[in-house]
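See below for the structure under consideration.
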Amino acid sequence: MDSKANSAAFLRAKDFFEKTYRDRGMVKWQGFYLSDHVEDVAKYTEKTAEVEARTAMPRMDEMEIDHILTHAYANHEVVRVQRIHCDELGHLTPMVQGKVTGYWENNIYIGNEMIAFDDINWCECVNA
């Protein structure tokens, strides 16, 4: 193509984009966005349902809790513990599950997590 043909083609393209072409903006990306968005909404809905399904177990006596945790520690058993406190939105925190790995002052270590003894609402030994 010669320079006159190039100039004419560029002028036609410029005229087309200035007067005729209408950019659809983000609409053209909606197909890419939609699948990710649907996946994120599904994950959020699932997590929200799981959080709302958590129920408070009946409050156990401190002696019962101590007996279960001591037994689990001595026999290397797995325990499941529910805390008393809730998260910032008022939902129960997830149960902690693992082996009792030790005690320190008024705290119990379940796996690598330290839990204050006063913060335990309920616990049980889990049959592995």
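For the chain, the Kirkwood estimate of the hydrodynamic radius, built from every pair of different alpha carbons, is 19.8 Å.
The calculated Kirkwood hydrodynamic radius for segment 43-99 is 13.1 Å, given to one decimal from all distinct C-alpha pairs. As a fraction of the 1.4 Å probe accessible area of the chain, surface on carbon and sulfur atoms comes out at 57 percent. Highest mean packing comes first when the peptides 69-76, 36-43 are listed by Cβ atoms within 10 Å, giving 69-76, 36-43.
Per residue, the Cα convex hull of segment 70-115 amounts to 76 Å³.
Placing a label point 7 Å from the Cα of D119 along the Cα-to-Cβ line, the residues of segment 75-104 whose backbone N sits under 11 Å from it are 83-87, 93. The residues of the chain have, on average, 77 Å² of accessible surface per residue, using a 1.4 Å probe with all protein chains present. Database remark: amide H of N107 closer than 5 angstrom to the amide H of F117 (H placed geometrically; neighbours at sequence offset of 5 or more, or on other chains; Pro and chain starts carry no H).
The values are calculated or read from the model by the stated rules, or taken from the named source; none is laboratory data. This is a predicted model, so every value here is computed, not measured. All Cβ positions, glycine included, derive from the backbone under ideal geometry; neighbour counts span all protein chains shown. When the accessible area is computed, the model is the full protein with side chains, heavy atoms only, and any ligands, DNA or RNA have been set aside. Shrake-Rupley method; radii C 1.70, N 1.55, O 1.52, S 1.80 Å.
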